[in-house]
Amino acid sequence: MTKEARPRYELCGGHPALDFVNSLDNRFRADGPRELLADYADLLRFTEQTGLLEARHVRRLSSAVDPGAAARALRSARELREAMAGTFYGGVDQRAPLAADIRTLERYFHAASGHRELRWEQALPKKSPGHSGLAWDWGRFEKHAELPVWILSRSASELMMSEAMERIRACGAETCRWLFLDTSKNHTRRWCNMKVCGNRMKARRFQARRAN
């Protein structure tokens with residue numbers, strides 16, 4: 001299958017960090033998981049689709065990053081993802097995350113903070129109303145292979161240090177358990193995607209009742 005023919009990611013988590021964890025599909029199935037981040041191009045596509053990277057950054061990285069650096073960045077992204085998964089699922093299952101996962105997250109969060117530059121943004125009233133001020137920017141690090149990893153680290157840290165952690169749920173289908181942010185009115189959402197897992201589980205219960 002060509003890169004162009006690959007399906008886009010199913011973003012039903014309600015937050016890029018949760019969709020990132022879901023990029024290891026079938027995580028809890030007995031026959032093993034399915035990796036949706038097969039290569040660096042997949043990582044770039046994911047960060048672009050979630051709005052974390054602009055198309056111009058993706059084009060720049062696609063052409064500027066050499067294969068060795070791309071492979072290292074992909075390994076870093078997967079390591080970050082699994083530390084995130086351990087922490088998020090720990091919260092969902094009401095157990096403390098492993099100390100090793102916390103240390104991994106700490107390392108990546110520090111790396112993300114250490115590769116930003118402070119710059120002055122000058123407002124242009126005639127083109128884009130706003131105000132001048134300081135802002136963080138990736139600056140000279142925009143062409144670095146690890147940029148998607150740093151951006152995902154920032155996304156994860158923002159979520160993990162917010163009250164929204166209390167609204168993270170895992171899909172009720174045991175063969176799925178994709179993570180999502182429950183923003184329903186009564187906080188009773190059960191499925192990552194009602195049209196997929198929800199309907200599938202309803203069909204199974206219906207068949208079980210008929211069998212009895």
Taking the range 28-58 and keeping only residues that are assigned to a loop (DSSP other than H, G, I, E, B), of a type in the set (D, E, K, R), within 30 Å of Glu174 (Cβ to Cβ) and modelled with pLDDT under 95, one is left with Arg29, Asp31
From the option list Ala112, Ala77, Ala96, single residue qualifying as under 17 Å from the mean Cα position of the chain (by Cα) and closer than 22 Å to Leu181 by Cα is Ala77
State whether the residues of the range 47-55 include one that is farther than 12 Å from Pro148 by Cα, in contact (Cβ under 8 Å) with a residue 24 or more places away in the chain and buried (at least 20 other Cβ atoms within 10 Å of the Cβ).
no
- [ ] Within the range 3-25, identify whether any single residue is part of a helix (DSSP H, G or I), touching a strand residue (DSSP E or B) at 6+ places or on another chain (Cβ under 9 Å), small (Gly, Ala, Ser) and surrounded by 20 or more Cβ atoms within 10 Å (Cβ to Cβ), and answer yes or no.
- [x] yes
A careful count of residues in the range 102-114 that are buried (at least 18 other Cβ atoms within 10 Å of the Cβ) and not aliphatic (A, V, I, L, M) gives 3
Among strands (runs of 3 or more DSSP E) entirely within the range 59-175, at least 2 residues that are at pLDDT below 95 occur in 117-121, 133-137
Across the range 142-163, the tally of residues that are crowded, with 16+ Cβ neighbours inside 10 Å and either of a type outside the set (D, E, K, R) or free of Cβ contacts under 8 Å to residues at least 40 places away in the same chain (or both) stands at 14
Next item on the list: For Arg95, indicate whether it is of a type outside the set (Val, Ile, Thr) and surrounded by 14 or more Cβ atoms within 10 Å (Cβ to Cβ).
Entry: no
A careful count of residues in the range 59-85 that are without any contact (Cβ under 8 Å) to a residue 60 or more places away in the chain and crowded, with 18+ Cβ neighbours inside 10 Å gives 2
Those residues of the range 26-41 that are in contact with a Phe, Trp or Tyr (Cβ under 9 Å, 6 or more places away or on another chain) and under 24 Å from Leu53 (Cα atoms) come to a total of 2
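The values are calculated or read from the model by the stated rules, or taken from the named source; none is laboratory data. Computed from a predicted model, the values in this text were never measured in an experiment. All Cβ positions, glycine included, derive from the backbone under ideal geometry; neighbour counts span all protein chains shown.
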